[in-house]
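Undergrad: Have a look at this one before I ask anything.
Bear in mind that the values in this text are calculations on the coordinates, not laboratory data. Just so it is clear, the structure is predicted and the values come from calculations on it, not from any experiment. Methodologically, a virtual Cβ is constructed for each residue, glycine included, from the backbone with ideal geometry; neighbour enumeration extends over all protein chains shown.
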Amino acid sequence: MQKTLLVFFSLFITVVSFAGKVSGLITDDQGNPLAYASVSIKGTTKGTTSNSAGRYSINLSPGKYTLICQHIGYGKSEKTITVGAGDETLDFKLSIQELTLQEVVVKRGEDPAYEIIRNAIKKRSYYNEQVDSFSVNVYIKGLMRSKGMPNRVFGKKVERDDSDGLDSAGQGILFLSESLTKVDYAKPGKLKLEVISSRESGGGYGLSFPFFINFYQNNVSVFDNNLNPRGFISPIADGALNYYRYKYEGSFVEDGVMINTIRVTPKRKNEPLFTGTIQISEDDWRIYSTDLFTTKDYSLEMLDTIRVTQLHSPVEKDIWKTKNQVAYIVFKQFGFHITGNFVNVYSDYDINPSFNKKHFGRVLMKYDTAFNKKDTVYWNMTRPVALENDEKQNFVFKDSVNQIWRDSLRSRRHIDSLRKNQKPVTVKGIFWSGQGRNFYGKRSTLSWHLNPLIPQVEYNTVEGVSVNVEQSFNYYRKGKYNYQLNWNTRYGFSNTHLNSYADLYIRPKTMGYRNRYLKLSGGKRLSQFNQDNPINPLTNAAYTLLDKKNYMKLYENWFGRVEYNNKLESGLRLNVHLTYEDRLPLQNTTDYSFFNKDAVLLPNHPYELAGLPFDRNQAVVAGASVIWQPGQRYIEYPWGKMPLSSDAPEFELQYAKGIKKVFGSDADFDKWKFSVTDKMNFKMGGEFKYKIGVGGFLNSNNVAIPDLQHFNGNQTFYNINYLNSFQLAPYYRYSNAEKFYAFGHAEHHFNGLLTNKIPLFNKLKWYLVGGANTFYVNSDNYYVEVFAGLENIFKLFRVDFVNAIQPGLGNKFGVRVGLGGLIGGKVSFK
């Protein structure tokens, strides 16, 4: 065995030693370096790309080669070199491309660029669908630099430490990664990625998913539409002439092909459009290169600027593909100045791969078992974009810091250092900002955290002022599981009741994304009758103190609960639980308010359910829910699979059974609900979301108020849970134990459609939203509301104007404020 390994190692060293490296500097006529220029080997699809300093390198076996150097806006240069066992230097100096204004036929005084673009539009679909399948290797390099950062943001100090690699001014490399991914594609839309190697400075998985920015598509997706949910309109989209102006800047001939350079300018602001140049080849009308950018003036969100450069080249006769692509970003917000570039270099195209029938399964991305174990020799041989000096230093520094941290994690010196450097317990921490403490041991660590006391002070008409102590303990030790204990204690000064309960979570250490845990709970707690908690304590306190409207309805219960939650590799989410409650009715003990003192206080018992008494009772309830989304695919790591969401709807089935006579249980019912949730992105047409469902009681022999079917009403000025609430409905008016009901929520987010043409709104980037919410139980119990509103206000807020139709109450109009937009819309509440 040792002899075999020795022979293999010797052969490897021999191959490496006879592979020569060609490197050099690429500049313009003035000696300025040209960043991300392309260097390819003539007659092959192999090549490399210069870094931002204009330097390139490529490893070649001994032989004679012709190297072709290209850069957008510059003339192509070819040089021949003979490679031996040693390193060779070959510099390139490129001249600005001289464009010739050809004699063209001008139609009705129209710029000749329009005819070229019309021809490119006609060929767009053909080139987009030209190949049935292909395979390609993609080198991906991601780099983000800080040009400066503030000391504080919104009054909160920006925490930094010596391991971030930034200088005293907050300048330096924030993120650096490189990877090599093999991409397989076949119609219609089949995709498989294999991560061969990947690394991130300081440890991690790096950026391994190529960004395919396809200008042959009508709607161009940039970073998976996270920068604009509507996508961006391609300069050669079917309707592009309605959005862009074009100017013919000239042409040049390369390898016998005339290349036309077209200046692209948006006709108006506030549409998702690009500015820059696109080069189109004559006669066959394909894309030769792009240098396009967009800004906040053209519906770009979050970032200030994004620029995309691409160079296309032939991979087979009449088939051209992207050779390299660079996406540049600029972010200037809240005192941060961040720039970045994401480089994709495509090589070894295979246009006729032979995929077997089972090649494209449900695994979208698979990591090689040794993807993160490659050494420096491997990366020096593999990477097509040379690292700059500070990038090399960043890898060395952060990897060393990470290694030292791992090596010393359980050392006595490290533990003593952690103990010594802990922040002291302070009065401010206990009462306002929160307090924590860690207790380190060689084999285990116990961490404690206390939520700040003052923000946890509550007021309601049952307890009066209540003080809440919420603390958590996390126990980490060698073994398969971690343990977390959440302990909540509250005391009401008006009713003098003390409630205290705890939740113990037992979680496996691996595969945290599956949210697998066993939870054991018990104690005495305060609960809302509707367990979806339709109103939060702070809002209830405000309405009670300012307007003497106590919407929150509460009961106490001694309880014990066992719950198991898991997300299977198939993507199926499962939750099962068994709960015992000894339920105790509560009465109002105070009617204090700041204003409206003569108003009559509502009873703690839901006034809409006055005919249904709530006395002390016991209940044992078993429940289960299953959530499934068809078409899910996976990322396969060496240690397991992680499911990814799909474009299909999500189906959920819930079932709960009240089990009578067990532990004195009075409950006797069977309740079910089935729902479908989905969101559909129509790109330029906006995004549509809905949730519909049915449910009911198979058996309702004994159903207490907490076990009824409640529809989440809202009698406050704001709303935060749009697809699971009714914006103007009373909280308990429609609660029931009927055999059947149906409900539906739907809303359409226009995402700038229409409002981008209205003065002022197009500058504010406030977007229209509209929809409806409804449920039906019977002819005496139904509800319909329609709404229209504005969202993306300061990227966070949404305002709805709502009209509701309810039996017995007629029409009702109201205004609701909530979260919605690019940032606010990402916040979800269960």
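Undergrad: For labels at residue 284 and residue 44 in the simple 7 Å Cα→Cβ model, what's the distance in nm?
TA: So the label points at residue 284 and residue 44 sit 2.2 nm apart.
Undergrad: To the nearest 0.05, how large is the calculated FRET efficiency for residue 699 and residue 786 if R₀ is 41 Å and r is the Cβ-Cβ distance?
TA: E between residue 699 and residue 786, to the nearest 0.05, is 0.70.
Undergrad: May I ask you to compute the full-extension gain from residue 79 to residue 427, defined as 0.36 nm times their residue separation minus their alpha-carbon distance, rounded to one decimal in nm?
TA: Stretched out fully, the residue 79 to residue 427 stretch lengthens by 118.1 nm.
Undergrad: Looking at this model, which pairs from 689/795; 123/765; 187/321; 357/641; 549/657; 549/812 are more than 26 angstrom apart at the alpha-carbon?
TA: In this structure, 123/765; 549/657 exceed 26 Å between Cα atoms.
Undergrad: Give me 236, 805, 306 sorted ascending by neighbouring Cβ count inside 10 Å, so fewest comes first.
TA: 805, 306, 236
Undergrad: Quick one: Karplus J couplings for region 815-826, per residue in order, coefficients 6.51, -1.76, 1.60, θ = phi - 60°, nearest Hz, x for Gly and Pro?
TA: These are the phi-based 3J(HN,Hα) values: 10, 10, 10, x, 9, x, x, 4, 9, x, x, 7 Hz.
Undergrad: Please give the helix 2-17 orientation as an angle from the longest Cα principal axis of the chain, in degrees from 0 to 90, rounded to the nearest 10.
TA: For helix 2-17, the angle is close to 60 degrees.
Undergrad: Once you have the Cα-Cα distance between residue 601 and residue 639, take 0.36 nm times their residue separation minus that, and quote the gain in nm to one decimal. Walk me through the intermediate numbers first.
TA: Values: separation 38, 0.36 × 38 = 13.68 nm, distance 5.86 nm.
Gain on stretching residue 601 to residue 639: 7.8 nm.
Undergrad: Here's something else I'd like to know. Give the long-range amide H neighbours of residue 729: residues separated by 5 or more places, or on another chain, with amide H under 5 Å away, using H modelled in the peptide plane at 1.01 Å from N.
TA: Here the answer is 714, since their amide H atoms fall under 5 Å of that of residue 729.
Undergrad: Which of the peptides 82-93, 171-182, 332-343 is most tightly packed, and how do the rest follow, judged by the mean count of other Cβ atoms within 10 Å per residue?
TA: My ranking of the peptides, most packed first, is 171-182, 332-343, 82-93.
Undergrad: For labels at residue 88 and residue 247 in the simple 7 Å Cα→Cβ model, what's the distance in nm?
TA: Taking the two extended label points, one gets 4.3 nm.
Undergrad: Moving on to the next point. Given 0.36 nm per residue, what is the gain on full extension from residue 454 to residue 153 after removing their alpha carbon distance, in nm?
TA: The span from residue 454 to residue 153 would gain 106.1 nm if fully extended.
Undergrad: What is the set of long-range amide H partners of residue 720 at a cut-off below 5 Å, with H atoms built 1.01 Å from backbone N?
TA: It is none; the list stays empty.
Undergrad: Taking the mean number of other Cβ atoms within 10 Å as a proxy for protection, how do you rank 461-474, 493-506, 591-604 from highest to lowest?
TA: 461-474, 493-506, 591-604
Undergrad: Per-residue ellipticity at 222 nm for the chain, helices alone: DSSP H runs ≥ 4 residues times -39500 (n - 2.57), over residue total, nearest 500 deg cm²/dmol? Before the final figure, lay out each step's value.
TA: On the way: 7 runs with 82 residues, N = 830.
Calculated from helices alone, the mean residue ellipticity at 222 nm is -3000 deg cm²/dmol.
Undergrad: Near the amide H of residue 321, under 5 Å away, which other amide H atoms are found, from residues 5 or more places off or on another chain, if H is placed in the peptide plane?
TA: Answer set, sorted by chain and number: 313, 315.
Undergrad: 7 Å from Cα along Cα→Cβ at both residue 32 and residue 334: what's the point-to-point distance in nm?
TA: Going from the residue 32 label point to the residue 334 one covers 3.5 nm.
Undergrad: By how many degrees, 0 to 90 and rounded to 10, does the Cα axis of helix 389-407 deviate from the longest principal axis of the chain?
TA: On a 0 to 90 degree scale, this one is about 40.
Undergrad: As an exercise, use a Förster radius of 35 Å and the Cβ-Cβ distance of residue 316 and residue 364 to find the FRET efficiency, rounded to the nearest 0.05. It would help to have the intermediate numbers written out before the result.
TA: Values: r = 27 Å, r/R0 = 0.76.
So, using R0 = 35 Å, E works out to roughly 0.85.
Undergrad: Hey, another quick one. Would you list 199, 733, 443 from fewest to most Cβ contacts within 10 Å?
TA: Details: 199 22, 733 19, 443 9.
Neighbour counts put them in this order, fewest first: 443, 733, 199.
Undergrad: Still on this structure, please answer the following. As I understand it, the value is the acute angle between the Cα axis of helix 113-128 and the longest principal axis of the Cα atoms of the chain; what does it come to in degrees, rounded to 10?
TA: Tilt relative to the chain: about 70 degrees.
Undergrad: Turning to a different aspect of this structure: Could you calculate the FRET efficiency of residue 265 with residue 823 from 1/(1 + (r/R0)^6), where r is the beta carbon distance between them and R0 is 25 Å, rounded to 0.05? Before the final figure, lay out the partial values.
TA: On the way: r = 30 Å, r/R0 = 1.22.
Here the calculated transfer efficiency is 0.25.
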